[in-house]
1. In whole percent, what relative contact order does the chain give with Cα contacts below 8 Å and a gap of six or more residues?
2. What FRET efficiency do you get for Arg748 and Asp696 if R0 is 25 Å and r is their Cβ-Cβ distance, rounded to the nearest 0.05?
3. Under the rule of at least 5 residues apart or a separate chain, name every residue whose amide H is placed under 5 Å from the amide H of Lys385.
4. Can you compute the FRET efficiency between Glu457 and Lys282 using 1/(1 + (r/R0)^6), with r the Cβ-Cβ distance and R0 = 22 Å? Round to the nearest 0.05.
5. Which whole-number value in Å³ per residue fits the convex hull of the alpha carbons of segment 404-513?
6. With the cut-off at 29 Å, tell me which of the pairs Lys669/Lys788; Lys376/Lys734; Lys385/Lys475; Lys69/Lys607 have Cα atoms farther apart than that.
7. In segment 469-547, with Lys and Arg counted as +1 and Asp and Glu as -1 at Cβ, which of these residues, Gly544, Tyr519, Leu494, has the Cα nearest the positive end of the dipole, that is, farthest along it?
8. Based on Cβ point charges of +1 for Lys and Arg and -1 for Asp and Glu, what charge dipole magnitude is obtained for segment 408-542 about its Cα centre, in debye rounded to the nearest 20?
Amino acid sequence: MRFLWYTFLALFSLGMLGLVVAVGGAVYAISYFSQDLPDYRALKDYKPPVVTRVYAGDGRLLAEYATEKRVFVPIDEMPDIVKQAFISAEDKNFYSHQGVDMIAIARAALGNLQGKSLQGASTITQQVAKNFLLSPERSYRRKIREAILAYRMEKAMSKDRLLELYLNEIYLGEGSYGIAAAALNYFNKPLEDLEIHEAAFLAALPKAPNNYHPIRKPEAALARRNWVLDRMAADGVLTQSQSELAQAKPLLMLDPDEASIVHAPYFAEEVRRQLIEQYGEKSLYGGGLTVRTSIDPRLQLIAERVLREGLVEYDRRHGYRGPLAHWDSTSGWQEKLRNFERPPSMLPDWRLAVVLSVSANEATIGHMDGARDTLKLDYLSWARKAKKGSITLGPAVSSVRDVLEKGDVIMVDKVTLESGETVTGLRQIPEINGSLIAMDPHTGRILAMQGGWSFDESEFNRVTQAWRQPGSAFKPFVYLAALDKGFTPATLVLDAPFVIDQGPGLPKWRPTNYSNEYYGPTPIRVGIEKSRNLMTVRLADFVGMEDVVDYSKRFGVIEDMPPLLANALGSGETTLMRLTTGYAQLVNGGKKITPTLIDRIQDRRGKTVYSYDHRPCESCGNNGLVEWENQPVPQIPDTREQIADPRKAYQIVSMLEGVVERGTGVRIKTLDRPLAGKTGTTNESRDTWFIGFSPDLVVGVFAGFDEPRSLGRKETGSSVAVPIFRDFMAEALKDTPPIPFRIPPGVRQVQINAETGARAMPGDERVIWESFLIGTEPTDKMYILDGKGISLMPSLSHNGQQGATTGTGGLY
């Protein structure tokens, strides 16, 4: 009996010793592997890098910016079926274990001891530890450290927080970080719209996304998805019939719907620059900002198309510069064409072709798909040979051979004629470039921005970055300064030679009109309608360039313009954005606005961190939300600074309306609606402009070569920029009622003789309504600004003939 007792004590002691050793060993192991473990507590407030998404004004996606394309979704917003799919696939005991699933570990260990490759039994918590805190190496050491971290994390964080981290962090292929980005990339759907079988497919991806790609490896992808559906049925998430029904569905990967994406790269790049300047690159590429912009996709499409058409129209007037390349032999032409590098600025719907044969009346061309087509002589008449380094053209085209040779590599496009017939037309990329901007004149919101022919060719934005001379487009600000000095639209100014002595050693400055003619006493209105340089310089000299500089700065056109008379004719430099904003402040009644691309910015949690509209509204509630109880609509004050007398701003608008009715913008008159604006052309026709507007839309157009040179002797703002503006407005205002320009209080309309500025009398042939400030209406006395200053006109008959001449005084 004593022997048994001693035996029992010995065995018990050995057992206790083994237990102590085991416990000690476990403690030592935990202590050893816990050395230098990362601090998991930071995960409590961890904010993963999230994609910044930029939206157009209608809510469609404009651009995304991210180092990791991730859309963060709070756990409460995730559909249950999506969460359950991942739990069934990755960790069915997630809500019951304490970070480590011992049964799964034992099963994996047994497999590893049997000589199989290292198998994982990682729980979702362990995967969070690995993905956030550890390296991806496959070793027992890392697995032990992973298990220790997982256990500690379970003590510090809720299961939902851990699952939220996992589902927003995990990489699922196709550049997708997190389940929301994956749903968009694979199925073009938000999470809430996923079907059961689609959720199961996403849950099948964490182990090896590239092995289960639905297009490259469809069989493996389908098998893995069905395995997840079986697991969901086994776990009771789905019924067997639901699982079988989901398994019967095809696995289709859907590309993003092009109609849901807005293409406006110049605008998007400008937004990107502003976001970096305001928030920094880290917030842009990982902050998960939601940015709502001002762009109107319909107007943007019109802007892109009409600008390109206008540039092509100018380019065709100046001939054909030849093929992209010439092959001596057309043998193997189809393969050669496939390997030919497509020019980056070639439009997407243009096609490459090679000339296979040429006759007098047509050329046969081949496309890279093997199809053949013909180019007919009738549609090549524009393609006169352009002489290199010259704006002159070769002889008229009388044969296709004058234009094309066998072996020419060319660009072609389908062209629809006015008759409705579709023919093949020869294309070339214009050398000229340009830009167009459309803006709401009351708010400064930019509705369209096309910064050039092709963003792929050049990211240089000619709306915001091209500093060019505005020419005559600057003149309205000279005339506004004159109105502030007591002039009226009917005041006469002498249109006659004007010479300024610039000082010792400098030549005398002799500005001229575009026509090189002189027109004598002329109303100010006619001076701006016909863009008379001599009248403008005489006015600026009398008013004082200091006042002109002040108006230029007030309207934001040119900030630090030297007070030189030449600047009255637009020899200073500005951008299309600045000049268009200046005109917007004329049509809005002289109110200061700031051009803006961004309406609102929200952070990753949906909190508004920026809004362009800062007007106070005490009755609007928090975040603009207020319960409707039949109370009066809140009255929001107009906080815009008044930078010009609204009556005088309207007088300028009225005169600019005359530019369209009778002046340099008369081509726009065919639209038959209230429109106004001003052309601009610089010396040697290097820059051409038209800035114009309706009562609620202002549009600026610029066209010129990036390296300034003459566009041609007869090319002006009227011939190049005006047609682009006209075509834009024709579509932009289509199906909208004509709205007259709004006349502010204090303005009276009086009929006058358009040629003399005097009150209209019976028998006058050219009579117009003119806008006068009350108290400044014309009387029988007529005054003129001439070389002596302001003087009384001796007599002026109503047919415009001067009864007595006036001298030029000290200015000649």
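The values are calculated or read from the model by the stated rules, or taken from the named source; none is laboratory data. Treat the numbers as computed from the prediction; the structure is a model and nothing was measured. Reconstructed Cβ throughout: ideal geometry from the backbone, glycine too, with neighbour counts over all protein chains shown. Accessible surface is based on the protein model in full, side chains and every heavy atom, while ligands, DNA and RNA are left aside. Shrake-Rupley method; radii C 1.70, N 1.55, O 1.52, S 1.80 Å.
1. 11
2. Working: r = 24 Å, r/R0 = 0.97.
With a Förster radius of 25 Å, E is 0.55.
3. Tyr320, Gly394
4. Numbers: r = 31 Å, r/R0 = 1.39.
E(calc), rounded to 0.05, equals 0.10.
5. Working: hull volume 37.7 nm³, N = 110.
Taking the convex hull of the Cα positions in segment 404-513, it is 343 Å³ per residue.
6. In this structure, Lys669/Lys788; Lys376/Lys734; Lys385/Lys475 lie more than 29 Å apart at Cα.
7. Going by the Cα projections, it comes out as Tyr519.
8. On the way: 13 positive and 15 negative charges, 146 e Å.
So the dipole magnitude of segment 408-542 works out to roughly 700 debye.
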